[in-house]
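The values are calculated or read from the model by the stated rules, or taken from the named source; none is laboratory data. Since we're looking at a predicted model, the values are computed, not measured. Cβ: placed from backbone, ideal geometry, glycine included. Neighbour counts: every protein chain shown.
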Amino acid sequence: MDKMTVRDVDVNGKRVFLRVDYNVQFDEDGQILDDFRLRESLPTIRHLVEGGAKVIICAHRGRPGGKVVEELRNAPVAAHLSSLIEREVKSIRECVGPAAEAAVAEMQPGDLLLLENVRFYPGEEANDPQFAKQLASLGDVFVSDAFGTAHRAHASVVGVGYYLPAIAGLLMERELQYVGRVATDGEQPMAVILGGAKVADKLGILKNLVDRTSLICVGGGIANTFLRAQGIDVGASLVETDRIDDAHEIMRLAASRDNLRLLMPTDVVISDAAGERINTVSVNRIPPGFRILDLGRQTIEDIREALAPMKTVVWNGPVGFFEREPFDRGSIAIAKVLADLVGATTVVGGGETAAAVAKAGVADRISHVSTGGGASLEMLQGVALPGVEILRDRAA
Ligand code: ADP
Ligand code: MG
């Protein structure tokens, strides 16, 4: 899966059509809530600017459904990008047509132009070849850094690649180096920590990685279903009753293999419905009406010890209801455990998991925090992403 990157081509004087994932949110005062994805795209943009390219940036926001939605325009994104990169970023209210063509024609090497929200056009999500061709006519080369959108076969993610040579940006390269690597052949021994809310999402990851995994740690909402499968009374906790059989299957599989350990929570943080009574208890002593909302200290300690010999650790899904304090403690502790691991490659995938790592303040000590939620999930499940497939392979 070695893809050609911006390092392999000369972009001097060329028009580069750069697809990024800037699907970010703003608060009521117009302040950007999390600019992680913008910051992660800067190395590619700098590389292109220094190489003398005219950089035409294409991005989407939200789900406008093929029509103009005023609140989802890209202009505020251009302003924020400009402040990050300390260069002018011009923005226009179109993606194709005479106005877009004129704006591109005016560009000088090193200039940056951000097109309008590409999902304002119905041709984007439909991957309409005509629309893709119009987009492609703006550039000479197609560079993709939109890992977070790579699981979508949309015109600006895939279609443009039918008309222009398609190569990876530096962020895309990093995502493939880390997420792509652990999804196929991470260094052994490897551990997977799974949390989050939905068992179904995570089953695919386990199915793909189980043959190369020595340790599976289960936390978060999904652990409740596993505990129930063990016959434990989890009180009023969220349980997916239709997934208990799947949990059984994974427990059987782990039990049948000497080299695979399934680490389940032994103590948990629980709360009553009103959120007034919060306690840490053994999983065998959950009073009726209480809900499991985080891992307990002993379980975190067990995970820490079990991870020590690992060479690769993949984490997807918060191990507790981390949006609400104090139930963020377990996820913050896990983030720190990963940050402190010596000699291991640590990869975090998933939007909420990345947020938990950021909250813990250790993102710079994790080998790679993916910018893709859905995309990293699919890649970890072993699914080929159309936005990656379209990129040119590097000649062997
Ligand atoms: P990611 O976005 O990182 O892939 P998921 O979407 O799978 O993660 O899951 C994140 C959600 O799971 C969070 O909103 C979190 O609050 C929720 N969650 C985790 N543990 C629990 C729990 N014990 N009870 C309820 N919700 C939980
Ligand atoms: Mg999520």
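Brief remarks on what is shown
- Matching residues, segment 375-389, being within 14 Å of ligand 1 (Cβ to nearest atom) and under 17 Å from Arg19 (Cα atoms): Ala375
- Residue satisfying condition, being outside any helix (DSSP H, G or I), among the hydrophobic types (A, V, I, L, M, F, W, C) and within 16 Å of ligand 1 (Cβ to nearest atom), within set Val234, Val179: Val234
- Filtering segment 210-221 to residues that are at pLDDT below 95 and of a type in the set (A, V, I, L, M) leaves only Val210.
- Only one of Arg174, Arg152 that is part of a helix (DSSP H, G or I), surrounded by fewer than 24 Cβ atoms within 10 Å (Cβ to Cβ) and away from ligand 1 (no atom under 16 Å from the Cβ): Arg174
- Total residues in segment 345-361, condition surrounded by fewer than 19 Cβ atoms within 10 Å (Cβ to Cβ) and away from ligand 1 (no atom under 13 Å from the Cβ): 1
Condition check ((1) on the phi > 0 side of the Ramachandran plot; (2) surrounded by fewer than 16 Cβ atoms within 10 Å (Cβ to Cβ)) across all residues:
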site	(1), (2)
Val16	no, no
Gly30	yes, yes
Val49	no, no
Ala79	no, yes
Arg87	no, yes
Ser91	no, no
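- Residue in segment 244-251 that is buried (at least 16 other Cβ atoms within 10 Å of the Cβ), in a loop (DSSP other than H, G, I, E, B) and not aliphatic (A, V, I, L, M) present: no
- Only one entry of Phe327, Phe322 meets the criterion of being among the aromatic types (Phe, Trp, Tyr) and without any contact (Cβ under 8 Å) to a residue 40 or more places away in the chain, and that entry is Phe322.
- Conditions (1) assigned to a helix (DSSP H, G or I); (2) surrounded by fewer than 17 Cβ atoms within 10 Å (Cβ to Cβ); (3) hydrophobic (A, V, I, L, M, F, W, C); number of the one not met by Val68: (1)
- Selection count, segment 150-208, where residues are farther than 26 Å from Ser237 by Cα and basic (Lys, Arg): 3
- If only residues of segment 272-313 that are closer than 21 Å to Gly231 by Cα, crowded, with 22+ Cβ neighbours inside 10 Å and of a type outside the set (A, V, I, L, M, F, W, C) are counted, the one that is nearest to ligand 2 (Cβ to nearest atom) is Asp294.
- Pair list, Cβ under 8 Å, 6 or more apart: segment 9-23 residue among the polar types (S, T, N, Q), other residue assigned to a loop (DSSP other than H, G, I, E, B): Asn12/Gly51; Asn12/Gly52; Asn12/Ala53; Asn12/Pro109; Asn23/Ala59; Asn23/His60; Asn23/Arg61; Asn23/Gly62
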